[in-house]
Amino acid sequence: MASGATFATLFSACGGSSPTSPSGMASMLGVLAGRFAGSGVQVNVAGSAVADVGGAVLVQSIAGVFLLSRTSANAFTAIDAVCTHEGCTITGADGTTYVCPCHGSRYNRNGQVVGGPAKASLRQFATTFTDGVVTIAL
């Protein structure tokens, strides 16, 4: 049953390992809680990996999961954290490359595929930064 197989894939991704997981290729990203507010998700960056330029985190919210990276003192990149290959949540990175734990698809910080099996890029979202809070526009 296809839906059962998909569920099993998603479940195993959440568990952190699966038979097809690439081992030793990525370190786990820190996780921040995002607060859904109006038409965006707000994230307080103080004390997290994105407090510094070059840092990246996984943002979890009721509006979805996002990969957030800091590109300069006042700029951030936010992309969908759901792999376009089979829908696993991307939870790790190898340097500046995000790595899907299920089948090893790799994406750059802008969400473009740099290594398959995924073929489609991740959706990118506009961000604003004010008073230590990043807002991911939905």
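Couple of notes before you dig in:
- Among the numbered conditions (1) out of contact with any helix residue (DSSP H, G or I) (no Cβ under 6 Å at 6 or more places or on another chain); (2) crowded, with 16+ Cβ neighbours inside 10 Å, the only one that A126 does not meet is (2).
- Of all residues in the range 118-138, those satisfying the criterion of being assigned to a strand (DSSP E or B) and out of contact with any Ser or Thr (no Cβ under 6 Å at 6 or more places or on another chain) are Q124, F125, T127, F129, T130, V133, A137.
- Picking from residues in the range 98-125 that are touching a strand residue (DSSP E or B) at 6+ places or on another chain (Cβ under 7 Å) and free of Cβ contacts under 8 Å to residues at least 24 places away in the same chain, the one that is nearest to T71 (Cα to Cα) is N108.
- Residue in the range 77-98 that is within 21 Å of T135 (Cβ to Cβ), crowded, with 16+ Cβ neighbours inside 10 Å and of a type in the set (S, T, N, Q) present: yes
- Restricted to the range 21-52, and to residues there that are surrounded by 12 or more Cβ atoms within 10 Å (Cβ to Cβ) and assigned to a loop (DSSP other than H, G, I, E, B), the residue that is modelled with the lowest pLDDT is S21.
- One residue from Q60, Q42 being farther than 18 Å from V114 by Cα and under 14 Å from the mean Cα position of the chain (by Cα): Q60
- Residue satisfying all of: in the range 99-117; among the small types (G, A, S) and in a loop (DSSP other than H, G, I, E, B); surrounded by the most Cβ atoms within 10 Å (Cβ to Cβ) among these: S105
The values are calculated or read from the model by the stated rules, or taken from the named source; none is laboratory data. Note that the structure is a prediction, hence the values are computed from the model and not measured. A quick note on method: Cβ atoms are made from the backbone with ideal geometry, for glycine too, and the neighbour counts reach across all protein chains shown.
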